[in-house]
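First up is the structure itself, then whatever we jot down about it.
The values are calculated or read from the model by the stated rules, or taken from the named source; none is laboratory data. Quick caveat, the model's predicted, so the values are computed rather than measured. Note: ideal-geometry Cβ built from the backbone for every residue, glycine included; neighbour counts use all protein chains shown. Ligands, DNA and RNA are stripped out before the accessible areas are found, and what is left, the full protein with its side chains, is counted by its heavy atoms. Shrake-Rupley method; radii C 1.70, N 1.55, O 1.52, S 1.80 Å.
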Amino acid sequence: MDDYCDKRSLAAYFEAQWLDKIREMGDSTLLNSASRTIPDNFVQSPFYLQVCDFIHSCIAQTGSSPRSFLEVGPALGRVSYELSRSYPSLEEGWVVEPSHRLMTHFRRLLLNAEGYYFPFIESLHRQGSIHLNTAPLVRDCQHVSFHCIESRYDHNSIPTPVDITICLNVIDQCESPSLIVDALKEDTRHGGIVFLANTYQWQKKHLKEASEAVNDINQYFTEDGWQPLEEAEIPYHFRFNERFSKLFLSHVVAYRKR
Ligand SMILES: C[S@@+](CC[C@H](N)C(=O)[O-])C[C@H]1O[C@@H](n2cnc3c(N)ncnc32)[C@H](O)[C@@H]1O
């Protein structure tokens with residue numbers, strides 16, 4: 001299959017997911033642009049830190065110390081990274097990502113302690129780059145044994161249920177969202193938590209059955225056995241060229257499996 005992610009989208013994911021962290025790590029390189037220099041706050045997405053706060057708050061409510069997690073469609077791994085960094089109790093992380101380009105760069109960021117050129121959007125057809133030392137990121141994750149699965153997710157992707165399952169802004173890009181959600185529910189152990197987010201951008205080119213286009217992801221969790229924890233609406237944005245970005249609203253829910 002064609003890679004889900006072209007070079008421009010790779011740069012868009014990098015800057016949206018990682019620019020604030022790269023600044024925190026001490027890099028102050030200005031982002032070149034085909035026009036004037038672009039301020040960071042137009043480039044990075046507020047989504048990742050807000051959704052990580054949401055995840056932490058739900059885990060704190062249950063008083064648990066997770067040992068394992070699964071992230072479906074992690075792109076470049078900011079959420080997997082923040083989860084690993086925040087929970088020294090974590091031992092195993094499964095990531096399932098069908099894009100070869102995204103999975104390759106996920107590994108380079110979080111699993112290989114080498115110098116790395118991080119792409120950003122200079123114009124619609126041109127990317128700039130910033131050098132990044134990934135060693136501190138790799139150190140923050142080294143207590144977690146990562147299993148990187150480069151394929152579409154289904155109920156056979158991982159061998160045993162995990163404590164935390166996360167699937168953010170993926171199901172409206174899939175042929176059958178209900179199959180993905182059923183597999184996520186199966187892959188969550190009793191007492192564990194599912195985090196699901198959706199921007200509801202249903203499109204014919206992805207969805208096999210139009211009737212699967214739900215308008216509230218809470219409806220996946222109406223049967224007995226699922227305790228609602230929290231829900232939120234979080235802005236989610238990506239640049240397309242240096243002065244144009246698309247802003248979505250992502251609906252995030254958390255359910256505990258009884
Ligand atoms: C819109 S992006 C969201 C990425 C990230 N979770 C975020 O919130 O920014 C959709 C992601 O889902 C992945 N994806 C698409 N179809 C998938 C499938 N069937 N199984 C697993 N991941 C999938 C894509 O490769 C991409 O990384």
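How large a share of the accessible area of the chain, in percent, is made up of carbon and sulfur atoms when the probe is 1.4 Å and the other protein chains stay in place?
Working: 5640 of 11880 Å².
Whole-percent figure for carbon plus sulfur exposure: 48.
E175 contributes an accessible area of around 90 Å² to the protein surface, as traced by a 1.4 Å probe with all chains present. Each distinct pair of alpha carbons in segment 6-71 adds a 1/r term; the inverse of their mean, the Kirkwood radius, is 14.3 Å.
Roughly how many Å² is the accessible area per residue of the chain, as a whole number, for a 1.4 Å probe? Working shown, then result.
Details: 11880 Å² over 258 residues.
Using a 1.4 Å probe on heavy atoms only, each residue of the chain averages 46 Å².
Close lysine pairs were tallied over the chain: pairs 8 or more places apart or on different chains with Cα atoms under 28 Å apart number 13. Shown here are the Rg and Dmax of the Cα trace of segment 7-257, at 17.8, 55 Å.
D for segment 1-154, whole µm²/s, Stokes-Einstein with Kirkwood Rh over alpha-carbon pairs at 4 °C and 1.567 mPa s: what number? Display every interim value, and only then the final one.
Working: Rh = 16.3 Å.
So the translational diffusion coefficient is about 80 µm²/s.
With everything on Cα atoms, drop me the angle between helix 100-110 and the longest principal axis of the chain, reported from 0 to 90° to the nearest 10. The angle comes out near 80 degrees. For R152, the shell of other residues with beta-carbons less than 11 Å away shows a net charge of -4, using +1 for Lys and Arg and -1 for Asp and Glu. Of all DSSP-defined beta bridges confined to segment 7-257, some 60% are antiparallel rather than parallel.
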